[in-house]
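J.: Take this structure, written in structure tokens, and hold onto it; I'll ask about it next.
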Amino acid sequence: MQTRQRISVNGIVQGVGFRPHVYRLAHRYGLSGHVENTGSGVAIEVQGPERTIVEFVRSLEFDGPPLARITSLRMEQTACAEETGFRILASDAGAPADTLIAPDTATCPDCLRELLDPADRRYGYPFLNCTNCGPRFTILRHIPYDRRNTSMAAFPMCRACQAEYDDPLSRRFHAQPNACWECGPQLALPDAQGKTLAGDPVERTVELLRKGSIVAIKGLGGFHLAVDATNAAAVAELRRRKRRFEKPLAVMVPDMRRAEELCVIHPQDRRSLESVERPIVLMRARAERRLAEAIAPGSPELGVFLPYTPVQHLIFAHGGFAALVMTSANLSEEPICIDNDEATERLRGIADFFLVHNRDILLRCDDSIVRNVEGDSSMLRRSRGFVPVPIALQCEVGNVLAVGGELKNAVCVTKGRDAFLGQHVGDLENLAAYGFFQESIAHLEGILRWKPSVIAHDLHPGYLSTQWALQQRDVPTAGVQHHHAHIASCMAEHHLSAPVIGIVLDGTGYGTDGEVWGGEILVADFQVFRRAAHLAYVPMPGAAQAIAEPWRMAVAYLVGAGEDCFEAGRGFLNAVPRGSVDVVRRMAEQGIRSPLTSSCGRLFDAVAALLGLRTKAGFEAQAAMELEACCGDETDGSYSFSIGEGECLEIGTGPLFRRIVADLGDGVSRETISARFHGGLASMLADLAYRISMETGIREVCFSGGCFLNARLSRGLERLLRARGLEVYKQSQVPCGDGGLSLGQAVIASHARPWRG
Ligand code: ZN
Ligand code: ZN
Ligand code: FE
């Protein structure tokens, strides 16, 4: 019996070789009909015996092309037609654009083989790609995803490329960025004065890198600054020019073997390194690594990634480098450069040469960063390779734009059951980042053809993101408390909706009482939250200065722990002039320029400073990371805290600091003190969460906030909670730090009654 079905497929089904796949399947099953891209995905009509169609659909669902992701598939019967054969129809540009866009994807093994094959017509061509790999998100202007809507529109295909593009059996059928030596983008290598160097740009780049030059290399989502990672002088010069003195630099290595020489690699790390997203993977560095010390000074970890563009592969193939520093091309904390002119302008005085090309990057997108610890994977930065793949939500939430926080900003837009977390914008403290923030919103709106019905923002009135939200007069806004948003982000990732116990540990978040929160236990759902416990407030002497100089927090905590403790403890701050300690003590006691905080990040800072690890922070969370890094295996003698009474429990740190000072006086090692601190913090939090669980009957505990990147704390606390029968939920697809904040803001705003869709 002949029947005809109309099949609508949604998800990432455009630009990933889906139609040719359908075409080949239809041929294999002997079905007639057609397939076409629509604004909302792919539409298929197939005609043939009913049972064959059922098998066809099953193959479609379970055996798709590598980059495709089907989120829904609907079938409806329609009248049979007089036809033979199966055809691919041209895109229907008029339909509403609802389809998902694939992220930028690492060069696939087939393309890599061609790149290095002297007999291939694309031998050495730095922009080869196919439907299974190459740029997507960063070259797209708007949907539908067709060449004319990308920055490849400027490159008409040559006859050979066009033939592949038109051939349903070619790997390059409808590969929108398809190109070759003859028709596609080309490299050029100007110096800092704009004078182009003669010769093969890749070979010249290799020579320059060997000599220790700093070369800005245009990649997928922006420029990298590259230097030979084994050349200490070059690395030091890069740091000096970039004004990035301490923050670790990521290194790109040619292959797994080189990666293994540098780091201890677990199977999960290997999967992350080799994944098509090609993130930077943070791993434990081997002690005997042969890279310049300045790459990650004092850090037990190293960020490593594998090449993901043809240009990068060519540089390694020609240069034989063991590792290259490949760091975002920008001044510290400014957005990554994408435009050739912008790069020459902004990187003047940083890069000696510029390996550029004439394919525009339409949207900047930094490298993503992940870390795996004993089976847990955390996303430190969700950007290239992951954006714009949506996070699937549990239910429809309507159109919300959430603008995130201030640091590590990333925005989020929701549409139906999808949450599109935008790429890493960075710290919204400078105008350049603010511009990028606005671009990021406009681009997401553009590629989704979408308008918000509500804008969610942080409660902090001083954040540029908040101010931007409040200026959008035609759209209602919803303020969301920072830590509530953190918890909601974790809940959304795990499809939880009933109230949970949320433990949020981070550096800074504006509280409903106007103070700086950051060591919180909340009972929360998407509508409301109750602050069930928090670290007791301490003054931050000098406000922002107290973040930059952890010793100030040590003084504040010592003052809070009593006169004796302060007198005994100040002796361990001997790297700080006595007079400065006295001034800061007075500020703390009298509340001069000293906002109050319950921040867990500041508590880590204070302990790190007392242990003599660090008096000044070179970058965010540096002191806390060093405190974790020096943590020994000791499990005895965990420190304790005092717990207050009432509706909202205050966690006092007096007993903690008195014990630390006593241990320091007894000559107890840093390693032991750090272990006792981590252990004590985890067991106090576990006790409180358990107590709240008993009172409320809630058994689900969510972790969020940047302090949970501390694996020692996170795993210790998780173990204790599980031992008491509680369920623990941690973030992995979405950053637990402020990079994941906007997701939580979005779901909370969608549940705020007036705008519920
Ligand atoms: Zn490919
Ligand atoms: Zn061509
Ligand atoms: Fe936060």
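J.: Just to be sure, is ALA233 modelled with pLDDT under 95 and closer than 30 Å to ALA623 by Cβ?
T.: No, not satisfied.
J.: Hey, ARG278 hits all of (1) assigned to a loop (DSSP other than H, G, I, E, B); (2) surrounded by 24 or more Cβ atoms within 10 Å (Cβ to Cβ); (3) in contact with a helix residue (DSSP H, G or I) (Cβ under 7 Å, 6 or more places away or on another chain) but one; which does it fall short on?
T.: With (1) assigned to a loop (DSSP other than H, G, I, E, B); (2) surrounded by 24 or more Cβ atoms within 10 Å (Cβ to Cβ); (3) in contact with a helix residue (DSSP H, G or I) (Cβ under 7 Å, 6 or more places away or on another chain) applied to ARG278, the lone miss is (3).
J.: Residues SER693, SER683: which one is in contact (Cβ under 8 Å) with a residue 12 or more places away in the chain and surrounded by fewer than 18 Cβ atoms within 10 Å (Cβ to Cβ)?
T.: Unique residue meeting the criteria: SER683.
J.: Let me ask you something else. Which numbered condition in (1) at pLDDT 90 or above; (2) within 22 Å of ALA175 (Cα to Cα); (3) out of contact with any helix residue (DSSP H, G or I) (no Cβ under 8 Å at 6 or more places or on another chain) is the only one that LEU60 fails?
T.: Single failed check for LEU60: (3).
J.: If you don't mind, there's one more thing I want to ask. Working carefully through the options ALA322, ALA343, ALA317, find the one that is more than 20 Å from ILE369 (Cβ to Cβ) and either within 24 Å of the chain's Cα centre (by Cα) or assigned to a strand (DSSP E or B) (or both).
T.: Among ALA322, ALA343, ALA317, only ALA343 is more than 20 Å from ILE369 (Cβ to Cβ) and either within 24 Å of the chain's Cα centre (by Cα) or assigned to a strand (DSSP E or B) (or both).
J.: Within region 444-469, how many residues are in contact with a Pro (Cβ under 9 Å, 6 or more places away or on another chain) and either among the hydroxyl-bearing types (Ser, Thr, Tyr) or at pLDDT below 95 (or both)?
T.: 6
J.: Checking the condition within 15 Å of ligand 3 (Cβ to nearest atom) and within 15 Å of VAL734 (Cβ to Cβ), which residue from HIS486, HIS495 passes?
T.: HIS486
J.: Something else about it: Tally time: how many residues in region 242-259 are modelled with pLDDT of 95 or more and surrounded by fewer than 21 Cβ atoms within 10 Å (Cβ to Cβ)?
T.: Number satisfying all stated conditions: 5.
J.: Out of all the residues in region 710-727, is one or more among the hydroxyl-bearing types (Ser, Thr, Tyr), part of a loop (DSSP other than H, G, I, E, B) and surrounded by fewer than 24 Cβ atoms within 10 Å (Cβ to Cβ)?
T.: no
J.: Somewhere in region 647-663, is a residue of a type in the set (D, E, K, R), surrounded by fewer than 21 Cβ atoms within 10 Å (Cβ to Cβ) and either part of a loop (DSSP other than H, G, I, E, B) or in contact with a Pro (Cβ under 7 Å, 6 or more places away or on another chain) (or both)?
T.: Looking through region 647-663, at least one residue is of a type in the set (D, E, K, R), surrounded by fewer than 21 Cβ atoms within 10 Å (Cβ to Cβ) and either part of a loop (DSSP other than H, G, I, E, B) or in contact with a Pro (Cβ under 7 Å, 6 or more places away or on another chain) (or both).
J.: Which numbered condition trips up PRO201, out of (1) within 16 Å of ligand 2 (Cβ to nearest atom); (2) at pLDDT 95 or above?
T.: That leaves (1) as the condition not met.
J.: Does any residue of region 410-420 turn out to be among the small types (Gly, Ala, Ser) and without any contact (Cβ under 8 Å) to a residue 60 or more places away in the chain?
T.: yes
J.: On to the next question. Do you know which of the residues in region 498-522 that are of a type in the set (A, V, I, L, M) and more than 23 Å from the chain's Cα centre (by Cα) is nearest to ligand 1 (Cβ to nearest atom)?
T.: It comes out as VAL500.
J.: Of the residues TYR125, TYR165, only one is part of a helix (DSSP H, G or I) and closer than 26 Å to GLN312 by Cα; which?
T.: TYR165 is the lone residue from the list that is part of a helix (DSSP H, G or I) and closer than 26 Å to GLN312 by Cα.
J.: Going through LEU115, LEU100 one at a time, which residue ends up being in contact (Cβ under 8 Å) with a residue 60 or more places away in the chain, within 16 Å of ligand 1 (Cβ to nearest atom) and in contact with a Pro (Cβ under 8 Å, 6 or more places away or on another chain)?
T.: After ruling out the rest, the residue left standing is LEU115.
J.: Name the pairs whose Cβ atoms lie under 9 Å apart, with the first residue in region 221-243 and touching a residue at least 60 places away in the same chain (Cβ under 8 Å) and farther than 30 Å from ASN358 by Cβ, the second surrounded by fewer than 24 Cβ atoms within 10 Å (Cβ to Cβ) and of a type in the set (Phe, Trp, Tyr), and 6 or more positions between them or separate chains?
T.: As it stands, the answer is THR230/PHE321, since those pairs meet every condition given.
J.: Same structure again: For THR205, state whether it is under 29 Å from ALA292 (Cα atoms), more than 16 Å from ligand 3 (Cβ to nearest atom), assigned by TED's automatic domain parsing to the domain that holds VAL276 and not aromatic (Phe, Trp, Tyr).
T.: yes
J.: Search region 732-745 for residues being more than 12 Å from ligand 3 (Cβ to nearest atom) and part of a loop (DSSP other than H, G, I, E, B), and hand back the single one that is farthest from VAL397 (Cα to Cα).
T.: SER732
J.: Have a look at ALA554, ALA524, ALA546 and point out the one that is within 16 Å of ligand 3 (Cβ to nearest atom) and either closer than 24 Å to LEU713 by Cβ or buried (at least 24 other Cβ atoms within 10 Å of the Cβ) (or both).
T.: Going through ALA554, ALA524, ALA546 in turn, just one is within 16 Å of ligand 3 (Cβ to nearest atom) and either closer than 24 Å to LEU713 by Cβ or buried (at least 24 other Cβ atoms within 10 Å of the Cβ) (or both): ALA524.
J.: Report, by residue number, each residue of region 161-213 that is over 24 Å from LEU225 (Cα atoms), surrounded by 15 or more Cβ atoms within 10 Å (Cβ to Cβ) and polar (S, T, N, Q).
T.: SER170, GLN176, ASN178
J.: Another one. Looking at THR78 and the list (1) surrounded by 22 or more Cβ atoms within 10 Å (Cβ to Cβ); (2) more than 16 Å from ligand 2 (Cβ to nearest atom), which single condition is not satisfied?
T.: With respect to (1) surrounded by 22 or more Cβ atoms within 10 Å (Cβ to Cβ); (2) more than 16 Å from ligand 2 (Cβ to nearest atom), THR78 is out only on (1).
J.: Which pairs do you get when a residue that is touching a residue at least 24 places away in the same chain (Cβ under 8 Å), found in region 549-577, comes within reach of a residue that is of a type in the set (Lys, Arg), reach meaning Cβ atoms under 6 angstrom, with the pair 6+ apart or on two chains?
T.: GLU549/LYS616; PRO550/ARG614; MET553/ARG602; VAL555/ARG585; VAL559/ARG585; ALA561/ARG658; CYS565/ARG658
J.: Follow-up question, since we're still on this one. Just for region 1-49: of the residues that are in contact (Cβ under 8 Å) with a residue 60 or more places away in the chain and basic (Lys, Arg), which one is farthest from TYR165 (Cα to Cα)?
T.: So, considering only residues that are in contact (Cβ under 8 Å) with a residue 60 or more places away in the chain and basic (Lys, Arg), the one farthest from TYR165 (Cα to Cα) is ARG4.
J.: Another question, then. Scan region 347-365 for residues that are closer than 20 Å to ILE315 by Cα and among the charged types (D, E, K, R) and jot them down.
T.: ASP352, ARG359
J.: Evaluate region 141-155: report whether one residue or more is of a type outside the set (Gly, Ala, Ser), under 23 Å from ALA43 (Cα atoms) and within 13 Å of ligand 2 (Cβ to nearest atom).
T.: Checking region 141-155: at least one residue is of a type outside the set (Gly, Ala, Ser), under 23 Å from ALA43 (Cα atoms) and within 13 Å of ligand 2 (Cβ to nearest atom).
J.: I've got another one for you. Just checking, how many residues over region 144-184 are within 16 Å of ligand 1 (Cβ to nearest atom), at pLDDT 95 or above and out of contact with any Pro (no Cβ under 7 Å at 6 or more places or on another chain)?
T.: 5
J.: How about region 382-435: which of its residues are of a type in the set (Phe, Trp, Tyr) and touching a helix residue (DSSP H, G or I) at 6+ places or on another chain (Cβ under 7 Å)?
T.: PHE420, TYR434
J.: Is there a residue in region 87-96 that is closer than 23 Å to ASP146 by Cα, modelled with pLDDT of 90 or more and touching a Gly at 6+ places or on another chain (Cβ under 9 Å)?
T.: Yes, some residue in region 87-96 is closer than 23 Å to ASP146 by Cα, modelled with pLDDT of 90 or more and touching a Gly at 6+ places or on another chain (Cβ under 9 Å).
The values are calculated or read from the model by the stated rules, or taken from the named source; none is laboratory data. Values in this document were obtained by computation on a predicted structure and should not be read as measured data. FYI the Cβ positions are ideal-geometry reconstructions off the backbone, even for glycines, and counts take in every protein chain you see.
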